[in-house]
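J.: Structure below; questions to follow.
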Amino acid sequence: MRREVVYGPLAVLVAWQLASSSGFVNVFFVPPPLAVARELWRLLVTGRVLADVWVSLLRVLAGFALAALAGIPIGLAMGASRRVCDSLEFLVDFLRSIPGTALIPLFILLFGVGDEAKVAIGAFAAGLVISINAMYGVAQGSRTRRMAARTMRVPLLRRFVQVVLPDALPHVFVGLRLGLSTCVVLVIVSEMFLGSQAGLGHRIYESQLLYKVEEMYSCIILTGVFGYALNRVAVSAERRIVHWSGR
């Protein structure tokens, strides 16, 4: 790992420590980094928070899988067919303009307050992001290669698989990464407000209600690590699969 990578986090820790020790802030609400680190270690060693991480992970993966299964075909179809694009573009843009959190009451009415609602809200928001990027991936592909394949009378399906899809895949993976991050955010938020009994969002909200401030900070940090780790997995998969894009 490059040394420059640690400069940002180190600066945040120094500023955090200075704020906690300066007396300008209440240490009850902004505890020092070392106290938060000790609490985070205790949560990990005792295993209290690992079950919450596992529950959130399952919800995120379920929502992301649904989003990818629906968003990729819809986006590719919109990019490949002007008629499909004209039929769905307004609807997709309209729904994308609505914040996912604003739809939580609707999803409560449709799915209740169980896991179904949490997975559905994450899948819905992520699916829109994925479909838009897949659409642009097809639309911005090489016209020269498409015209050459059409001139050589390459069958439509083969043309799509060997010409259109490779051009679109870099955009598709960008959409998948953004969709995964979106799904993490919506699942964590839904865990805070949809009557959860487990999950990182539930743990953060419960800690805040009970004034367990150090535990709250610890779980917030753990949530950031959780999202970052998932993103790194997605980046690694992108580099292995879309090796020709030069990313």
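Where a number appears in this text, it was derived from the coordinates with a stated rule and is not lab data. Bear in mind the structure is a predicted one, so any value in this text is a computation, not a measurement. Neighbour counts are summed over all protein chains in view; Cβ atoms, including those assigned to glycine, are modelled from backbone coordinates with ideal geometry.
J.: Which order, highest average first, do 175-184, 14-23 follow once you tally other Cβ atoms within 10 Å for each residue and take the mean per peptide?
T.: In decreasing order of mean packing, 175-184, 14-23 become 175-184, 14-23.
J.: Let me ask you something else. How large is the dipole of the chain about the Cα centre if only Lys and Arg carry +1 and Asp and Glu carry -1, each at its Cβ, rounded to the nearest 20 debye?
T.: 1340
J.: Something else about it: Can you give me the span-like helices of the chain, meaning DSSP H runs with 30 Å or more of Cα extent along the axis and Kyte-Doolittle mean at or above 0.5?
T.: Helices passing the filter in the chain: 50-80, 115-139, 165-193, 213-241.
J.: Follow-up. Using the crude model of +1 on Lys and Arg Cβ and -1 on Asp and Glu Cβ, and no other charge, please compute the dipole size for the stretch 48-143 relative to its Cα centre, in debye to 20.
T.: With Lys and Arg at +1 and Asp and Glu at -1, about 180 debye.
J.: Peptides 91-100, 57-66: what's the order by average Cβ count within 10 Å, highest mean first?
T.: 57-66, 91-100
J.: Between Leu50 and Phe111, what length comes free when the chain is fully extended (0.36 nm per residue of separation minus the Cα-Cα distance, one decimal in nm)?
T.: This chain segment gains 19.3 nm when fully extended.
J.: Sum -39500 (n - 2.57) across every DSSP H segment of at least 4 residues in the chain, then divide by the residue count to get the 222 nm mean residue ellipticity, nearest 500.
T.: Helices in the chain give a 222 nm mean residue ellipticity of -26000 deg cm²/dmol.
J.: If contacts are Cα pairs under 8 angstrom and at least 6 residues apart, what is the relative contact order of the chain in percent?
T.: Taking the mean separation of contacting Cα pairs over the length of the chain, I get 24 percent.
J.: Could you please state, rounded to a whole Å, how far the C-alpha centre of the stretch 183-210 is from the C-alpha centre of the stretch 52-87?
T.: Spelled out, the Cα-based centre of one part sits 23 Å from the other.
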